[in-house]
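Read through the structure below, which is laid out as structure tokens, and then see the notes.
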Amino acid sequence: MYVILTNKPGQFHTEAGPEFEVVEEYDYLFYGQRKAIYQIATLRGEAKVAIVEEGPGAVVNHVPSKFLEKFESLQGARDALTDLTRFGSMQAELVRRDA
């Protein structure tokens, strides 16, 4: 089972526990500026993901994995990520990072 985790530098980051293993990571560039980092991870069993707000007074939300969209295959997760980041003729691209 695969899930997509999101990090937005300066806003929030995702902390996944040992039930998650990141297999691919992408920078989302919008007109050349990094707006987000997406991680495709395998999920082994039910778990919680910590969504940590950045900055003073940061709030941490623990989200059960049952609320995450799940994909049967790595390619299915890749396809969904591509769909999430396509905005017509706007200059948006995914650049794979070393995970």
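Since every read-out is calculated from the coordinates, none of them should be taken as a lab result. Everything quoted here is computed from the prediction, not taken from an experiment. Note: ideal-geometry Cβ built from the backbone for every residue, glycine included; neighbour counts use all protein chains shown.
Taking Lys and Arg as +1 and Asp and Glu as -1, the other residues whose beta-carbon sits under 14 Å from that of residue 24 total -2.
Compared with the direct C-alpha span, the chain from residue 21 to residue 59 gains 11.3 nm at full extension, assuming 0.36 nm per residue. Taking 50, 77, 58 in turn, the Gaussian network model of the chain (Cα-Cα springs below 10 Å) assigns the largest fluctuation to 58. When only C-alpha pairs under 8 Å and at least 6 residues apart count, what is the relative contact order of the chain, in percent? Normalised by residue count, the contact order of the chain is 36 percent. For residue 48, the aspartates and glutamates whose Cα comes closer than 20 Å to its Cα, not counting residues fewer than 8 places off in the same chain, are 15, 19, 21, 24, 25, 69, 72.
Annotation: amide H of residue 49 within the under-5 Å range of 63, 65, sequence separation 5 or more or interchain, hydrogens built in the peptide plane. For the chain, what D do you get in µm² per second when you plug the Kirkwood radius from alpha-carbon pairs into Stokes-Einstein at 10 °C and 1.306 mPa s? Here the translational diffusion coefficient equals 113 µm²/s. Which lysines does residue 35 reach when only Cα atoms under 19 Å apart count, and residues fewer than 8 places away in its own chain are ignored? Counting by Cα, and skipping residues close in sequence, residue 35 has these lysines nearby: 8.
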